[in-house]
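J.: Below: one structure in structure tokens.
The values are calculated or read from the model by the stated rules, or taken from the named source; none is laboratory data. These figures come from a predicted structure and were not determined experimentally. Note that we place each Cβ from the backbone using ideal geometry, even for glycine, and neighbour counts take in every protein chain shown.
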Amino acid sequence: MGGAILKDTTANSVTIGATVWASKQGRISFHKPTADLWGLKQGQDLEILVHNGTKLTSGLGKYTSGNEIHVRADDPTYPLLPQGMDVILMVIRPTRYWALVADPSRYRIRDAAANVEIDWWITAGKPIRPGDWVVIWQASDRKRQRGVVALGEVIDGPTYRSDEENPFWAKLQDPEKEKAVERVAIRYIQLVSPLWIGGPHDDLIANLSAARARGGTVFKVTPQQWGALTQFSADDPAKATAVSLIETRKYRMHKRIERNPSASREVKKLQGFRCKACQLDFKEMYGALGEDFIEVHHLRPISSLQDGEVATYDSATDFAVLCANCHRMIHRLPDPSNLEELKARIRTHRA
């Protein structure tokens with residue numbers, strides 16, 4: 001039961017929709033994962049929209065135990081909810097704001113924010129959901145600089161995953177990157193320059209919970225604090241919401257293209273089974289066990305994928321066949337489309 005996300009910037013809210021059903025007249029039922037996705041709390045009053053296939057009506061409901069939302073008999077949505085009826089429910093919840101803290105001795109956060117489009121952050125059990133906004137806080141570095149180094153929007157998740165392919169971890173082995181934990185995808189928003197404690201805007205950032213804390217990695221930020229921080233964004237705030245939804249689709253499109261079996265077969269047929277980076281041929285290395293084995297990497301940069309574009313891909317130039325090791329390594333580069341950089345690194349270290 002997936003959720004569709006719509007952004008209403010004027011109402012400062014996120015609308016999350018899913019197909020649900022009425023277990024009894026006026027009682028909307030759904031599975032527990034949906035409640036977890038939406039971050040609902042028992043007893044919470046909700047503004048809802050109900051669509052029964054022909055009519056869209058707004059009303060009020062209360063989230064109760066048993067994964068149900070109850071609406072009163074005098075609510076406008078009540079007639080749309082006879083027992084057994086399947087409906088589309090949209091829950092409008094306030095946007096939440098968070099501060100996420102990175103230790104620069106473990107994670108090169110400024111490099112990551114400057115070089116990647118999407119980064120996965122641990123939720124630490126907090127109800128961070130798509131549509132929320134985040135302040136990226138760097139803990140004290142070697143120069144004793146600490147403060148806000150970027151902003152961001154949550155665009156996907158939460159999902160359980162590791163972060164092993166991320167090249168910005170300071171050490172090759174770090175428990176935090178290796179373990180599969182709940183993470184959310186963040187689209188970074190650049191600042192004109194970092195906002196350091198002790199700097200010209202100390203009166204603003206010193207009041208953030210992250211600035212006063214002596215531990216922890218996730219903190220709440222007030223809407224007022226968030227609004228004050230957005231004035232330092234290098235992005236156009238008016239475009240931020242539209243761009244974020246487009247970037248999410250681009251990211252998912254990239255993954256679908258790379259994993260598409262028909263595209264993969266065509267590329268292998270054209271390019272063969274020798275790694276384009278290190279020249280490994282699995283059949284030469286492993287005999288019959290490695291015959292016709294290779295992976296396909298999509299080279300077209302994510303930034304070049306246009307929203308709604310009907311694209312034609314060239315099997316000879318938009319893809320590269322890579323061994324498993326080189327495929328992992330190219331995803332650790334700041335630009336995973338740069339095959340020549342990967343080949344240059346191999347030549348350098350083989351010399």
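J.: If a residue has to be over 30 Å from P200 (Cα atoms) and of a type in the set (A, V, I, L, M) to count, how many in segment 135-183 make the cut?
T.: Number satisfying all stated conditions: 4.
J.: Shifting gears a bit: Of L6, L49, which residue is modelled with pLDDT of 75 or more, part of a strand (DSSP E or B), aliphatic (A, V, I, L, M) and closer than 13 Å to M90 by Cα?
T.: L49
J.: Does S140 qualify as being over 18 Å from the mean Cα position of the chain (by Cα), of a type in the set (S, T, Y) and either at pLDDT 85 or above or over 22 Å from P334 (Cβ atoms) (or both)?
T.: Yes; evaluated as a whole, the condition is true for this residue.
J.: I'd like to know if segment 63-83 contains one or more residues that are touching a strand residue (DSSP E or B) at 6+ places or on another chain (Cβ under 7 Å), surrounded by fewer than 18 Cβ atoms within 10 Å (Cβ to Cβ) and either at pLDDT below 80 or under 30 Å from F168 (Cβ atoms) (or both).
T.: no
J.: Moving on. Among the residues that make up segment 23-46, is at least one of them within 26 Å of the chain's Cα centre (by Cα), assigned to a strand (DSSP E or B) and modelled with pLDDT of 75 or more?
T.: yes
J.: Then there's this: Tell me whether segment 245-268 contains one or more residues that are among the basic types (K, R), modelled with pLDDT of 80 or more and surrounded by fewer than 17 Cβ atoms within 10 Å (Cβ to Cβ).
T.: So far as segment 245-268 goes, no, none of its residues is among the basic types (K, R), modelled with pLDDT of 80 or more and surrounded by fewer than 17 Cβ atoms within 10 Å (Cβ to Cβ).
J.: Can I ask one more? So, in segment 89-112, how many residues would count as being under 14 Å from G61 (Cβ atoms) and not charged (D, E, K, R)?
T.: 4
J.: Here's another thing I want to ask about it. With respect to F319, is the statement that it is at pLDDT below 90 and surrounded by 18 or more Cβ atoms within 10 Å (Cβ to Cβ) true?
T.: yes
J.: Within segment 141-163, can one find any residue that is surrounded by fewer than 16 Cβ atoms within 10 Å (Cβ to Cβ) and among the aliphatic types (A, V, I, L, M)?
T.: Scanning segment 141-163, I find no residue that is surrounded by fewer than 16 Cβ atoms within 10 Å (Cβ to Cβ) and among the aliphatic types (A, V, I, L, M), so the answer is no.
J.: Could you say which residue among D103, D111, D119 is surrounded by fewer than 16 Cβ atoms within 10 Å (Cβ to Cβ), touching a Phe, Trp or Tyr at 6+ places or on another chain (Cβ under 7 Å) and under 25 Å from V192 (Cα atoms)?
T.: D111
J.: Exactly one condition in (1) modelled with pLDDT of 90 or more; (2) exposed (fewer than 14 other Cβ atoms within 10 Å of the Cβ) is false for C278; which is it?
T.: Every condition holds for C278 apart from (2).
J.: Can you pull out the residues in segment 170-203 that are more than 19 Å from G152 (Cβ to Cβ) and in contact (Cβ under 8 Å) with a residue 60 or more places away in the chain?
T.: A170, K171, D174
J.: Still on this structure, I have one more. Taking segment 76-97 on its own, how many of its residues are over 30 Å from I128 (Cβ atoms) and part of a loop (DSSP other than H, G, I, E, B)?
T.: 6
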